[in-house]
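Report on the structure given below.
The values are calculated or read from the model by the stated rules, or taken from the named source; none is laboratory data. All figures in this text were calculated on a predicted structure; none of them were measured in a lab. Using ideal geometry, Cβ is built from the backbone for each residue, glycine included, and neighbour counts are taken over all protein chains shown.
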Amino acid sequence: MIDLLIQISQRHIVIALAVVGALLVTAGSLVAKPRGRNEPEANEPDSKQGLLAKRLTTVGYVVTMVSIALFIVAGFVSDLRP
C-alpha cells in the first residue's frame, strides 16, 4: 500500500494533475461565457452548453483536489522513499 502511495505521489504526476485540473476549469469557464466584452452574460444552466460547462468545472476541481491530496501524501511518505 505504501509503495502504491509512493508511486502515485511522484512529483510529475502531481504537477500533471494540477495542470489538467486548471485547464478543465478554464475550459468550463470559457464554455460558460462565449460572449464579447460588452455583451450581457447569459445564464442558462439548463442548456447543453451550461451543463457541459458545469461538468467541466466540477471535474476540473475534482482533479485539482486529487492533486492537492497527493501533494500532501507525498509530504508524509517522503521519509519512506528509498
Got a number for residues in the range 43-78 being at pLDDT 95 or above, surrounded by 15 or more Cβ atoms within 10 Å (Cβ to Cβ) and small (Gly, Ala, Ser)? 2
The number of residues in the range 25-42 that are more than 18 Å from the chain's Cα centre (by Cα), surrounded by 10 or more Cβ atoms within 10 Å (Cβ to Cβ) and either under 30 Å from Val73 (Cβ atoms) or modelled with pLDDT under 65 (or both) is 3
Which ones in the range 1-24 are out of contact with any helix residue (DSSP H, G or I) (no Cβ under 9 Å at 6 or more places or on another chain) and either within 15 Å of Gly75 (Cβ to Cβ) or aliphatic (A, V, I, L, M) (or both)? Met1, Leu4
